[in-house]
Each structure stands twice: as C-alpha cells, then as structure tokens.
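Take a look at the structure below.
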Amino acid sequence: MISKTFLFICSIPLLVLSLSCRESKISGESVYGEIPQDQYLSGKFYPSKSPLFINPGEVGVPVDGKSHYLRREAAAALKKMYDAFRLENPKVKIIIVSSTRNFWDQKMIWEKKWDSKDYTGAAKSPSQKASMILRYSSMPGTSRHHWGTDFDINTLTNEYYDGGDGKVIFQWLRENAGKFGFCQPYTPGREKGYMEERWHWSYAPLSRVFVRDWNRIFGGDENIFGKKGLFLGAEYSGHLARIYVNSINERCR
C-alpha cells in the first residue's frame with residue numbers, strides 16, 4: 001500500500017512544474033506575441049492590430065465611447081473586479097476613460113502640452129517646462145499606458161475621490177483591487193516621479209514583467225529617450241526616463 005507521505009513527496013515536483021508553467025505564460029518573449037519587445041515596451045505598435053488586445057467594452061466593462069484597448073488578460077481580470085464592485089455598489093458607476101496609448105498617441109499629448117501657453121508661459125527654462133509636464137504626463141516611450149495593462153477611470157482629478165461616488169470607488173479599490181491583480185502605481189509619499197493619480201490602475205501580473213524588461217532594454221542608456229527630434233523637448237527630459245518609469249508604488253513591482 002502506498003503511504004500518504006510518499007504521495008505527498010511525489011506530488012511536490014508536479015506542483016513546482018505546474019507553478020513554473022503558469023509563470024512562463026506571463027514572462028519571456030511569449031508575452032509580447034508578434035511584437036518585438038523594444039517596440040512593445042516603447043509603444044511603437046498599434047494595439048488595434050494585435051490579437052493580444054481587446055476592447056474592454058466587448059467583455060462588459062463600461063467605456064466612454066472611444067476606441068479603448070487593454071491586454072486580454074487585464075480586461076478579463078478587470079471584468080471580474082468590476083462585477084464584484086457593482087455587486088456591492090449597484091448605483092455607483094465606473095467607466096474607462098483612458099486605456100492603451102501607443103508612442104504616437106503619447107507624443108501628441110506631450111507635444112500639445114509642450115506648446116501650450118500654460119507651460120511655455122510659466123516655465124523659466126525648457127528643463128523646467130519638462131518637469132512641469134512630467135507631474136502628470138509621461139514622455140513618449142516611457143508611459144505605462146503603452147503596455148495595455150494600465151487604465152484611467154471616471155475623472156482625472158484627485159479631488160473627485162475625496163467625496164461622493166469617487167470616495168466610494170477609491171476606498172473600495174484600495175481595499176479590494178489587489179485581490180484581482182490590480183495596483184495603483186502613483187500613490188502619495190513617493191519621493192520621485194509623477195504626482196498621485198487615484199484614477200490610474202494597473203494589472204500587476206503583466207505590468208511587473210514589462211517594468212523589468214523596460215529596464216533591461218532601455219534602463220542602461222541614459223540618452224535613448226533624450227535624442228533631439230524624437231519628440232519636442234526630448235533633449236530636456238529624456239535623462240529622466242528611468243526615474244519616472246521606476247518611481248512607482250512598491251505593490252506594482
């Protein structure tokens with residue numbers, strides 16, 4: 001008769017193998033599909049053309065009517081989280097207002113701000129202008145929104161989440177988002193990087209892989225995003241790329 005101890009010992013290798021197989025699904029080249037890693041991580045691709053991405057509206061997550069895309073894994077997890085939230089708060093609405101943005105989308109946002117009088121008039125130098133924009137906006141090639149793991153909800157002001165529906169949403173997410181794999185990248189108390197963003201959430205099982213690989217590919221070259229002509233103001237902001245990519249909530253690492 002085979003003992004229970006023998007069966008337990010024999011099952012350990014199978015358990016390790018199973019966990020290893022699961023981990024391999026979200027690491028290495030396979031996670032990038034047909035897109036070269038450097039292009040994926042810097043947002044130089046079109047999510048609408050990749051089978052890795054889906055419009056979260058197609059799985060039942062409310063969107064604001066624009067063309068939104070997330071990684072299929074992130075969208076599936078988000079649907080589960082959304083359903084759990086609505087079960088407890090049936091009258092409170094959550095809606096996706098921003099999702100995947102590629103390099104050229106981010107370039108348009110960045111350069112619009114670079115040319116805006118709100119920044120050109122207030123900044124005393126190009127470097128100061130870059131720092132002002134970087135309070136809430138990423139330079140092209142460094143945004144977490146390139147990856148299909150990150151999204152913004154409802155209203156892009158922290159004050160909205162101080163009361164009413166916003167407070168209900170934020171408190172629930174802080175208590176429960178981690179159960180579904182999500183984290184808030186930009187929390188208060190960090191010494192560097194972007195300001196707090198209560199509206200911005202990330203699917204950590206994938207975004208952790210992408211942060212690691214971004215640093216492996218781009219982290220050793222201080223000038224890769226500082227090349228003049230890559231986008232307006234690149235030569236004044238590119239040297240800050242590593243700081244802003246890595247200055248995130250530890251729960252997102």
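Couple of notes before you dig in:
- Scanning the range 60-69 for residues that are surrounded by fewer than 18 Cβ atoms within 10 Å (Cβ to Cβ) and touching a strand residue (DSSP E or B) at 6+ places or on another chain (Cβ under 9 Å) returns Pro62, Asp64, Lys66.
- Exactly one residue out of Gly178, Gly163 is over 28 Å from Leu240 (Cα atoms) and within 18 Å of the chain's Cα centre (by Cα), and it is Gly178.
- The C-beta contact set for the range 82-93 (first residue β-branched (Val, Ile, Thr), second residue assigned to a helix (DSSP H, G or I), distance under 8 angstrom, 6+ apart or interchain) comprises Val92/Phe85; Val92/Arg86; Val92/Asp165; Val92/Val168; Val92/Ile169.
- Any hit, the range 205-213, residues being among the aliphatic types (A, V, I, L, M), under 21 Å from Ala75 (Cβ atoms) and exposed (fewer than 15 other Cβ atoms within 10 Å of the Cβ): no
- Members of the range 34-52 that are buried (at least 19 other Cβ atoms within 10 Å of the Cβ), more than 14 Å from the chain's Cα centre (by Cα) and not in a loop (DSSP other than H, G, I, E, B): Pro47
- Condition check for Ser237: surrounded by 18 or more Cβ atoms within 10 Å (Cβ to Cβ), under 20 Å from Met81 (Cβ atoms) and modelled with pLDDT of 95 or more: no
- Enumeration of residues in the range 96-123 that are part of a loop (DSSP other than H, G, I, E, B) and either at pLDDT 95 or above or within 21 Å of Lys49 (Cα to Cα) (or both): Ser99, Thr100, Arg101, Asn102, Asp115, Ser116, Ala123
- In the condition set (1) buried (at least 21 other Cβ atoms within 10 Å of the Cβ); (2) more than 14 Å from the chain's Cα centre (by Cα); (3) in a helix (DSSP H, G or I), Gln128 is compliant with all but (1).
The values are calculated or read from the model by the stated rules, or taken from the named source; none is laboratory data. Predicted model only: the values in this text are computed from it and were never measured. In this analysis, Cβ positions are derived from the backbone assuming ideal geometry, glycine residues included, and neighbour counts consider all displayed protein chains.
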